[in-house]
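Here's the structure we're looking at; comments come further down.
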Amino acid sequence: MKKWQIFKQGVLDELPLQLGVFPFGIIYGVMAIESGLTFLQALLMSSIIFGGASQIAFVQLLSNSTPFGIVVTTVGAINSRHLLYSISMVEYLNKLSISWRVILAYLLTDEAYAVSIRKFINHSNNFILHYHLLGSGITLFVSWQISTLFGILIGDDLPEFLDLQFIIPLTFIAIIVPMIKSKSTLLTVITAGILALIFKNLDINFWIILSGLFGILVGIVSNRLDKKL
């Protein structure tokens, strides 16, 4: 396949997930203005931080007059999950130039990773697959900026009965479920999910990264035990 075809495939693979991303962006846009951010500040945050969950956490803490240090720590903890994404992508992208890796690192967010990692795993011998991540990442970036703008401009006029926050967990479920193809993966997901609920209720700052790491550990152990049997 040619570079343009792989890029286009990344775009097409990413588009269905925007049904969940767009309401997510609208929610952030509404909350950003309500928290006291200006139009420009709210819009620029979507291109600087570019992380839905951390952006929403930021504006929630801001609206409660939380100390700046706690805000930064919290946002950093939430975004620490991207460390796991980048680690799993190293073997596929480590031969690219530094400029390519910087661009792709910026675009490596939840939904873009979800659709592109499957492509990388199934076609690891294809050396231009980074164009797939470029396509999925750019698609997500554009959708996020547009939905943020939409929320900022007309958020106050949205009907109250539209519970857009309900769509957020559905989006992540839609990302994860197709990737569960083995017992070890299932155990990873279940372990990480249960521990995420426990750690979050215990107010542990790095609850996302910790639950993910423990889930991965359980998955690795399960996979090795299966190979020995």
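General observations
- Taking segment 43-57 as the range and being among the aliphatic types (A, V, I, L, M), assigned to a helix (DSSP H, G or I) and under 16 Å from Val71 (Cα atoms) as the test, the residues that pass are Met45, Ile48, Ala53, Ile56, Ala57.
- If you go through segment 90-117 and keep only what is touching a helix residue (DSSP H, G or I) at 6+ places or on another chain (Cβ under 7 Å) and farther than 30 Å from Gly29 by Cβ, you end up with Tyr92, Leu93, Leu96, Trp100, Arg101.
- Of all residues in segment 176-188 being in a helix (DSSP H, G or I) and of a type in the set (S, T, N, Q), the one that is modelled with the highest pLDDT: Thr188
- Hey, Pro159 over 24 Å from Ala77 (Cβ atoms), modelled with pLDDT under 75, of a type outside the set (Asp, Glu) and open to solvent by 50 Å² or more (accessible area, probe 1.4 Å) or not: yes
- In segment 12-46, the residues that are within 16 Å of the chain's Cα centre (by Cα) and open to solvent by 40 Å² or more (accessible area, probe 1.4 Å): Asp13, Leu15, Pro16, Leu19, Phe22
- Among the residues of segment 97-114, at least one is part of a helix (DSSP H, G or I), touching an Asp or Glu at 6+ places or on another chain (Cβ under 7 Å) and either assigned by TED's automatic domain parsing to the domain that holds Ile173 or open to solvent by 50 Å² or more (accessible area, probe 1.4 Å) (or both).
Listed here are the residues, each with its yes/no results for (1) over 16 Å from the mean Cα position of the chain (by Cα); (2) outside any loop (DSSP other than H, G, I, E, B); (3) at pLDDT below 80.
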| residue | (1), (2), (3) |
| --- | --- |
| Leu133 | no, yes, no |
| Ile168 | no, yes, yes |
| Ala174 | no, yes, yes |
| Ile190 | yes, yes, no |
| Leu195 | yes, yes, no |
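The values are calculated or read from the model by the stated rules, or taken from the named source; none is laboratory data. The structure displayed is predicted, hence computed values, not measured ones. A quick note on method: Cβ atoms are made from the backbone with ideal geometry, for glycine too, and the neighbour counts reach across all protein chains shown. What goes into the accessible areas is simple: the full protein's heavy atoms, side chains included, and nothing from ligands, DNA or RNA. Shrake-Rupley method; radii C 1.70, N 1.55, O 1.52, S 1.80 Å.
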